[in-house]
Amino acid sequence: MNAFKARIGLALVALVLLVALSGCMGTPAAPVWSSVDVVGSKLFTGSQTGRVYALDAATGSKTWQYPAAEEKKSLVGTSPAPVIVNDVLYIGALDSYVYALDANTGLQRWAFAAGGRIYAEATVVDGKLYAAAGDKVFALDASNGAQQWEFVANQPIWGRPAVSQGKVYVGSLNHKLYCLDAATGQTQWEHETGGAIAGGPVVAGGVVYVGSFDNKVYALDANDKSVRREFTTGHWVWASPLVVSDTLYVASLDKKLYAFDVTSGAPRGTFDAKGMIRATPTYADGLLYVATESGTLWVLDAATLQAKAPPFEAGKPILGSAVVANGLVYVSAYGDTVYALDAQTGAQRWNVALAKLK
Amino acid sequence: MSQIWNGFLGLMLNSLMFLYGLLGRNFALSIVVFTVLVRVVTLPFTIQQLRSTKASQDMQPKLAELQKKYKGDKEKLAEEQMKLYKEAGVNPLGCLVPTLIQFPIWIGLYQSIMNAAPDNPLQLLNLARHIYPQFTHLVPLNVRFLWLNLGRAATPEQAAQNQSMELMMPMMFGFITLQLASGLGLYFVTTNIVGMVQQYFVSGLGGLAPLLRGIGGKVPAAGSKDKGYGRKK
């Protein structure tokens with residue numbers, strides 16, 4: 001009996017040690033993909049290794065990195081694309097912090113402890129930064145990171161908040177799309193879809209569009225949440241819908257890109273991308289850039305959805321959206337390789353493996 | 001080869017998702033039912049494996065005698081051991097084949113549960129690759145909780161040898177499970193409970209008998225190991 005008591009005692013001690021050890025070590029890093037943004041002559045990108053880079057957009061040479069190469073600090077991983085406003089770069093990371101960096105030097109302006117992993121791009125409007133972290137949305141003063149309000153959804157938020165007309169729209173894996181007051185964070189309305197919402201909503205012409213894992217895109221009145229229309233695909237819709245003029249483009253994990261008439265909802269065409277499309281397509285000068293999980297970047301005519309150039313094969317999944325600037329299209333493939341291609345022909349100009357940058 | 005494995009994994013994962021939809025979207029319940037079903041399907045192999053292990057254990061005293069008798073003659077010892085195995089009708093590698101057959105099923109079961117409850121965007125994308133179109137509306141969400149190991153060594157001899165392991169394994173698995181999806185913890189618990197029940201019916205209580213006697217259970221004396229520790233044959 002004494003031996004039994006001793007074993008129970010040992011087991012309890014082990015349990016306490018276990019919990020303590022777990023608390024010290026925290027949660028292991030989750031795999032992410034990196035995404036890029038280009039402002040002027042600089043390209044900015046996060047990385048799977050938890051560093052933020054600024055590169056020369058013309059050559060791919062490094063301008064700065066944060067944290068600096070000699071620092072041991074890492075942001076664990078940065079999935080969202082950096083957002084640059086007024087020479088300040090904002091990015092959230094898997095270490096649960098939102099960082100504001102000087103876009104010219106890479107020096108840290110401020111950091112905000114959000115208390116949850118950040119997978120979505122931040123949105124900056126009128127000096128206010130809206131960021132989703134864990135199951136919360138925060139509104140921060142973009143100049144100093146001071147918190148103004150927070151909203152809790154009780155399930156993770158992985159999509160970028162959309163801000164329009166004093167309202168913040170955000171979807172959660174709990175299937176719901178929320179409309180919040182941008183000034184106070186108070187819920188104005190919520191709408192439940194038939195599946196998880198992993199991507200960010202977009203607002204155009206007084207209508208909020210959001211994709212769901214019930215294979216649909218919902219078009220809701222931005223004011224009263226009445227359902228204007230539903231667009232159905234063959235699989236989950238993770239990418240944010242894209243509205244260009246009177247056409248709604250919907251990328252689905254069924255490997256297809258759909259085009260619909262925004263007003264009538266009538267289908268205008270589909271394109272078989274031959275790979276799951278997670279990233280939101282990018283529109284520029286009548287062309288659509290569609291990246292797939294199988295590692296292909298397509299250049300399509302936005303009106304006809306016909307390929308305009310031979311597809312570019314990165315060989316690794318492209319999960320973040322392409323960015324078009326300076327006559328080039330930039331994408332980051334899984335594994336932190338950034339490619340710059342001719343925006344018209346898709347011909348490669350340069351590529352850089354971030355891990356090899358010095 | 002990877003296509004075959006992906007197909008097998010997809011089959012298991014979608015079976016789990018089918019149960020999830022069937023059982024009122026209760027992921028915990030669907031993991032328990034799925035694990036039990038897989039254990040039932042593999043039952044013939046498990047019984048064969050346990051019987052073989054038990055037979056080998058029962059021969060241990062005779063093997064020990066042989067080792068003592070032919071201490072300096074390895075060739076003769078091997079010859080006598082093979083003779084003993086042959087007389088008892090026991091294949092010394094008898095437990096290996098059923099284990100090898102079950103191994104990919106266990107791995108598939110484990111991976112399907114792991115894939116079905118994604119914890120980050122990349123895992124969710126991986127689930128999207130495997131899930132059948134008719135189940136795309138089903139996505140269990142991940143929650144974490146603490147799990148303790150319920151496994152135990154089969155015989156008193158092994159228990160003595162693995163005393164330190166008994167303490168370390170719950171710690172190790174508990175720690176691992178804290179970092180993983182809650183569904184995996186539930187799988188560990190379910191599969192161990194089913195495994196314990198199966199082992200009881202084949203081998204009896206084994207090394208648990210002294211422990212149960214110590215806390216007041218009506219268990220036959222340790223010396224009655226030939227009677228299977230309380231289970232009537």
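Just so you know, all these numbers are worked out from the coordinates, no wet-lab data involved. For clarity, every value in this text was computed on a predicted model and none was experimentally measured. So basically every Cβ, Gly included, is an ideal-geometry build from the backbone, and we count neighbours across all protein chains shown.
Counting only residues 5 or more places away or on other chains, whose amide H sits under 5 Å from the amide H of A:LYS42 once H atoms are built in the peptide plane?
Hits under the 5 Å cutoff: A:ALA57.
What's the Kirkwood radius of segment A:32-115 in Å, using all Cα pairs?
12.4 Å
Please list, by residue number, every one of the trypsin sites (Lys or Arg not before Pro) in segment B:11-79 that is coil in DSSP and has at most 16 other beta-carbon atoms within 10 Å.
B:ARG25, B:LYS71
Other chains' Cβ within 10 Å of B:128-137 residues: what's the mean?
Across the residues of B:128-137, the mean count of other-chain Cβ atoms within 10 Å is 4.
If you put +1 on each Lys and Arg Cβ and -1 on each Asp and Glu Cβ, how big is the dipole of segment A:208-358 around its Cα centre, in Debye rounded to 20?
In debye, rounded to 20, segment A:208-358 gives about 380.
Quick one: among A:LYS256, A:LYS73, A:LYS62, which has the greatest mean-square fluctuation in a GNM of chain A with alpha-carbon springs under 10 angstrom?
With Cα springs under 10 Å in chain A, the top fluctuation among A:LYS256, A:LYS73, A:LYS62 is at A:LYS73.
Residue by residue, what Karplus-based ³J(HN,Hα) values in Hz, rounded to whole numbers, does segment A:342-358 have, using 6.51, -1.76 and 1.60 with θ = phi - 60° and x for Gly and Pro?
These are the phi-based 3J(HN,Hα) values: 5, 5, 8, 9, x, 5, 6, 9, 7, 9, 9, 8, 4, 5, 9, 5, 10 Hz.
Grab the beta carbon distance between A:ALA355 and A:ASP285, set R0 = 45 Å, and tell me the FRET efficiency rounded to 0.05.
So the FRET efficiency works out to roughly 0.85.
What is the angle, in °, between the Cα long axis of helix A:2-25 and the longest principal axis of the Cα atoms in chain A? Nearest 10 is fine, range 0 to 90.
Around 40 degrees separate the two axes.
Looking only at GluC sites (Glu not before Pro) in DSSP loops with at most 11 other Cβ atoms within 10 Å, what is the longest site-free stretch of chain A?
The segment A:72-358 is the longest one with no such site.
Per-residue mean of other chain beta-carbon atoms within 10 angstrom of the beta-carbon, peptide A:210-217?
Taking the mean over all residues of the peptide, I get 2.
Amide H neighbours of A:TRP158 under 5 Å, at least 5 residues apart or on other chains, H built in the peptide plane: list them.
The answer is A:LEU173.
Tell me, what is the Rg over Rh of segment A:208-339, with Rh the Kirkwood radius over Cα pairs?
Rg/Rh: 0.97.
Where nothing but the Cβ of Lys and Arg (+1) and of Asp and Glu (-1) is charged, how large is the charge dipole of segment A:243-328 around its Cα centre, in debye to the nearest 20?
For segment A:243-328, the charge dipole is close to 200 debye.
Straight-line reach from B:LYS69: which aspartates and glutamates fall under 19 Å, measuring Cα to Cα and dropping same-chain residues less than 8 apart?
B:ASP58, B:GLU79, B:GLU80, B:GLU87
Positive end of the charge dipole of segment A:32-115 (Lys, Arg +1 and Asp, Glu -1 on Cβ, about the Cα centre): tell me which of A:ALA81, A:SER47, A:LEU107 has its Cα farthest that way.
With unit charges placed on the Cβ atoms, the residue in question is A:SER47.
Apply the Karplus parameterisation 6.51 cos²θ - 1.76 cosθ + 1.60, with θ equal to phi minus 60°, to every residue of segment B:120-129 and state each ³J(HN,Hα) to the nearest whole Hz, in sequence, with x for glycine and proline.
So the Karplus estimates, Gly and Pro as x, are 8, x, 5, 5, 5, 5, 5, 4, 4, 5 Hz.
At a temperature of 20 °C and a viscosity of 1.002 mPa s, determine how fast segment A:18-163 diffuses translationally according to Stokes-Einstein, using the Kirkwood radius over alpha-carbon pairs as Rh; express D in µm²/s, rounded to the nearest whole number.
Translational D for this selection: 139 µm²/s.
Cα-Cα over 31 Å: which of A:LYS136/A:LYS274; A:LYS62/A:LYS316; A:LYS128/A:LYS176; A:LYS72/A:LYS316; A:LYS42/A:LYS216?
A:LYS136/A:LYS274; A:LYS42/A:LYS216
Counting other beta carbons within 10 Å of each Cβ, put B:MET12, B:MET196, B:MET114, B:MET82 in order, fewest first.
Least to most surrounded, the residues fall as B:MET82, B:MET196, B:MET114, B:MET12.
If neighbour count is taken as other Cβ atoms inside 10 Å, put A:THR263, A:THR63 in order from fewest to most.
Fewest-to-most ranking of A:THR263, A:THR63: A:THR263, A:THR63.
Distances longer than 38 Å among the Cα atoms of chain A: what percent of all pairs is that?
Cα-Cα pairs in chain A separated by more than 38 Å: 18 percent.
Enumerate the calculated ³J(HN,Hα) couplings along segment B:26-32 in order (Karplus 6.51 cos²θ - 1.76 cosθ + 1.60, θ = phi - 60°), each rounded to whole Hz, writing x wherever the residue is Gly or Pro.
Once rounded to whole Hz, the list reads 9, 5, 4, 5, 5, 5, 4.
Using a 10 Å cut-off on Cβ to Cβ distances, tally the other chain neighbours for every residue of B:115-122 and report the average as a whole number.
5
Would you grab the residues whose amide H sits under 5 Å from the one on A:GLN148? Only those 5+ places off in sequence or on another chain, please, with H modelled 1.01 Å from N.
Sorted by chain and number, the residues that satisfy this are A:ALA139, A:LEU140, A:ASP141.
So if I place +1 on the C-beta of Lys and Arg and -1 on the C-beta of Asp and Glu, and nothing else carries charge, what would the dipole magnitude of segment A:32-115 be about its Cα centre? I want it in debye, nearest 20.
Computed about the Cα centre, the dipole is about 100 debye.
Any idea how far the Cα center of segment A:81-112 sits from the one of segment A:138-212, in Å?
That distance is 21 Å.
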